[in-house]
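The structure appears below as structure tokens.
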Amino acid sequence: MFNPKIVAFCCEQSGIPAAEMSRAMQLGPALKSAPSLNLDIRPVPCAGRVETVHLLTALEQGADGVLIFACHEENCQYRRGNIRAKSRLLYAKTLLERIGMEKERLEICNLATNSGVKFSEVVTEKVEQLRKLGPNKFSQLSSEVGKE
Amino acid sequence: MIKAEQKPIDELISYLEPYNKILLSGCGACVTVCHCGGEKEVALLASSLKMARNSGGKKLEIIERTPARQCEPEFAMELAEIIGSVDAVLSLSCGVGVQTLARQFKSTVIMPGVNTVFMGETIAHGLWEERCQACGNCILEKTGGVCPVARCAKQLMNGPCGGSSQGICEIKRETDCAWQLIYDRLKALGQLAKLSEMIPAKNWGTESRDKGPRRIIREDLKI
Amino acid sequence: MKAGSNLEKVLSAGHFALTSELGPPKGNDVGVIQKKVDFLRGNVDAVNVTDNQTAIVRMSSIAACSFVIKMGMEPVMQMVCRDRNRIAMQSDIFGATALGIRNIICLTGDHHMFGNQVNAKNVHDLDSVQLIDMVRNMRDNHTLLGGEDKIEGDIDMFIGGAANPFADPFEFRALRAAKKAAAGMDFIQTQCIYDMNRFREWMKMMRDLGVHEKVHILAGITPMKSAGMARYMAKNVSGIIIPDALIDRMSKAQKGADEGIKICVEQIQELREIEGVHGIHLMAIEWEHMVGRIAEEAGLLPRPQLA
């Protein structure tokens, strides 16, 4: 069965603790079958550290879906980092649309430190959704030459 | 500065159809400021283009470079070492940069990735508006620092026309009537008397490209 | 006499002038012009022939004017700055005067975005003030713009300009009319008036600047055919103000058209009383057959017959 690869940019104030909590609680069917879950967690000090290009290159380099886990909108410790992340994600979706890629492959989720349950639910749903969408046909296995 | 916007990606994909390896060159000046052709935008566009080509099964190799400027031969020459190894160049610089590259690299295809639109001001982050049309004879002293050539839809020298209503131009709700702005500024400066004198017919011959591309020559600077 | 046109003679003799307007055909059907002239002949001193008004392509004003003359009326040629550069304008003025046209009104022109050729290149080589100055120069100094080249023959034109007391900035409108007067304007036709108070205020500013003594002011009027028309104009046409009281009267009337004419006649009578107003410019758009009736009811007939 197709096992989608998910890259998750996790804010260290919310996403990371929530991920750890969900692991500790052994939540969700996807997480129970942990060996087959292809989840690449990338910690960031704030969701605002995620640039639009990070979302695209993750897909380019083989991810089937990309998630951002950010703090709730009024709670960003860096004031508006989570709002910036949201605009960038929305912009990335328009870029995907223009080249014919399904914009559902990108998603942002707002949560708190103790949202272990929410974390696992979101990941589980995304795995299901991506299974239906199928593998990312736009990715490339070999990297480009001469990148700065 | 010069403001531009990226061409629709379908158009760029169609330009790149015959090529397998390209140089995608940004510019560190104007197009960086208006977020369409700087280093970040180059990276983003490169990723989009590669993914688009992957889905069609025809891989595209992209070299990314963003010189500080592309409108001067010395900066353009920074690309010389790579140019020989690519099939074509897609340049995100303004039209000047594209033409500078084309003049320097005579046997390489150089294509524009942006539409150069105007010279303008950054009003707010993400919002730019036209302010200058390089007419070559600046009359801002007479108009309180507001340009009717760039900002009046009819380029009136002795406006406003009868369509100015509540400070808005008759053709676009979002556009301020330039002559209302001029009037307000001169009034605030106590210089309304400037508006009593007719500004005579403009010399469009020298004050636009109606006589072909204009030149500025400084003999004292020639080496 | 600057040009010796009928309109100039009527105004110079101190009569209260009456002009009207006709739009040329959207093609070359001269019958359209004939029909309108037949309604207007004898009822007005001169008729404006519009120049691609609202940027909708119609027969050129100069061609239509020459037909108007053949049909026995005096035209006022309109020339906008939107479509012609200075070369074409001066050339057309040579042709116009050769065809016997003696009145010209110099306008900026509605933006071509409103018309049916929206991708055209905007000309606006000159603006209306510079155009007035240029025509005055051609007439009085016999030279082209720039003052170098002598013109062969006399350019006898009575020069008009537009004024809009209802546009903004309001305080500047009279000053701008004064600027046009200084540039050589002989007469003004204003945008159509519904808001009498604002018009009176503007006339006061004009009198304070002394413009009413240098320039003949013709007050613009457009009769309303229906309440719908009143509402449409109030909402959609920039530079027109219609007081609610008038829209109300039109809405409540039994027969909109008759009420519209009644209001029009009342306006004419009111405007006649204002110091500095030397005539009426009646813009009965696609209602030319009503001009005779309005002129009659306003006591403006018969028109003076001057040598």
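The values are calculated or read from the model by the stated rules, or taken from the named source; none is laboratory data. Please read all numbers here as calculations on a predicted model, not as lab measurements. Virtual Cβ from ideal backbone geometry, glycine too; neighbours counted across all protein chains shown.
The residue list B:SER93, B:SER48, B:SER85 contains one member that is of a type outside the set (Asp, Glu) and part of a helix (DSSP H, G or I), which is B:SER48.
Candidates B:GLU64, B:GLU39: the one that is within 12 Å of chain A (Cβ to nearest Cβ), in contact with a Gly (Cβ under 7 Å, 6 or more places away or on another chain) and either surrounded by fewer than 17 Cβ atoms within 10 Å (Cβ to Cβ) or within 29 Å of B:GLU121 (Cα to Cα) (or both) is B:GLU39. Candidates in the stretch C:173-190 are the residues that are facing chain B (nearest Cβ under 8 Å) and surrounded by fewer than 24 Cβ atoms within 10 Å (Cβ to Cβ); of these, the one that is farthest from C:VAL129 (Cα to Cα) is C:LEU175. For the stretch C:64-94, give me each residue that is of a type in the set (D, E, K, R) and within 14 Å of another protein chain (Cβ to nearest Cβ). Passing the criteria: C:ARG82, C:ASP83, C:ARG84, C:ARG86. Would you check which residues across the stretch C:260-284 are in contact (Cβ under 8 Å) with a residue 24 or more places away in the chain and in a helix (DSSP H, G or I) and list them? If the condition is that a residue be in contact (Cβ under 8 Å) with a residue 24 or more places away in the chain and in a helix (DSSP H, G or I), then C:GLY260, C:ILE261, C:ILE263, C:CYS264, C:VAL265, C:GLN267, C:ILE268, C:GLN269, C:GLU270, C:LEU271, C:ARG272 are the ones that fit. Taking the criterion of being without any contact (Cβ under 8 Å) to a residue 40 or more places away in the chain, among the β-branched types (Val, Ile, Thr) and under 30 Å from C:ASN122 (Cβ atoms), the residues of the stretch C:31-58 that qualify are C:VAL32, C:ILE33, C:VAL47, C:VAL49, C:THR50.
Scan the stretch B:141-177 for residues that are over 21 Å from the mean Cα position of the chain (by Cα) and hydrophobic (A, V, I, L, M, F, W, C) and the total you get is 7.
Hey, any hits in the stretch B:104-114 for a residue that's in a helix (DSSP H, G or I) and assigned by TED's automatic domain parsing to the domain that holds B:ILE13?
Residues of the stretch B:104-114 in a helix (DSSP H, G or I): B:104.
Remaining after also requiring assigned by TED's automatic domain parsing to the domain that holds B:ILE13: B:104.
There is at least one residue in the stretch B:104-114 that is in a helix (DSSP H, G or I) and assigned by TED's automatic domain parsing to the domain that holds B:ILE13.
Of all the listed residues (C:TYR194, C:TYR232), the sole one being part of a helix (DSSP H, G or I) and either surrounded by fewer than 16 Cβ atoms within 10 Å (Cβ to Cβ) or not acidic (Asp, Glu) (or both) is C:TYR232. Any chance you could count how many residues in the stretch A:42-53 are within 14 Å of chain B (Cβ to nearest Cβ) and touching a strand residue (DSSP E or B) at 6+ places or on another chain (Cβ under 7 Å)? So the count comes out to 1. In the stretch B:170-204, of all residues being surrounded by fewer than 11 Cβ atoms within 10 Å (Cβ to Cβ) and within 14 Å of another protein chain (Cβ to nearest Cβ), the one that is farthest from C:ILE87 (Cα to Cα) corresponds to B:ALA188. Taking the stated definitions as given, is B:LYS58 charged (D, E, K, R), within 13 Å of chain A (Cβ to nearest Cβ), without any contact (Cβ under 8 Å) to a residue 40 or more places away in the chain and assigned to a helix (DSSP H, G or I)? No, not satisfied.
Taken over the stretch B:1-25, residues that are within 11 Å of chain A (Cβ to nearest Cβ) and outside any helix (DSSP H, G or I) amount to 6. Residue-level analysis places B:ALA178 among those that are touching a residue at least 12 places away in the same chain (Cβ under 8 Å), closer than 26 Å to C:ALA174 by Cβ, in contact with a Cys (Cβ under 6 Å, 6 or more places away or on another chain) and hydrophobic (A, V, I, L, M, F, W, C). Taking the listed residues C:THR54, C:THR97, the one that is within 14 Å of another protein chain (Cβ to nearest Cβ) and either at pLDDT 95 or above or outside any loop (DSSP other than H, G, I, E, B) (or both) is C:THR54, with no other qualifying. The set of residues in the stretch B:120-155 being free of Cβ contacts under 8 Å to residues at least 12 places away in the same chain and more than 20 Å from B:GLU170 (Cβ to Cβ) consists of B:GLU121, B:ILE123, B:ALA124, B:HIS125, B:LEU127, B:CYS138, B:LEU140, B:GLU141. Scan the stretch C:289-302 and give yes if some residue there is surrounded by fewer than 16 Cβ atoms within 10 Å (Cβ to Cβ) and either of a type in the set (A, V, I, L, M, F, W, C) or on the phi > 0 side of the Ramachandran plot (or both), otherwise no. Taking every residue of the stretch C:289-302 in turn, at least one turns out to be surrounded by fewer than 16 Cβ atoms within 10 Å (Cβ to Cβ) and either of a type in the set (A, V, I, L, M, F, W, C) or on the phi > 0 side of the Ramachandran plot (or both).
Which count do you get for residues in the stretch C:105-137 that are away from chain B (no Cβ under 12 Å), surrounded by fewer than 22 Cβ atoms within 10 Å (Cβ to Cβ) and under 26 Å from C:VAL47 (Cβ atoms)? Going through the stretch C:105-137 one residue at a time, the tally reaches 2.
Among the residues of the stretch C:120-139, is any in a helix (DSSP H, G or I) and at pLDDT below 95?
No.
Residues in the stretch A:74-121 that are more than 14 Å from every other protein chain (Cβ to nearest Cβ), out of contact with any strand residue (DSSP E or B) (no Cβ under 9 Å at 6 or more places or on another chain) and not in a loop (DSSP other than H, G, I, E, B): A:GLU74, A:GLY116, A:VAL117, A:SER120, A:GLU121.
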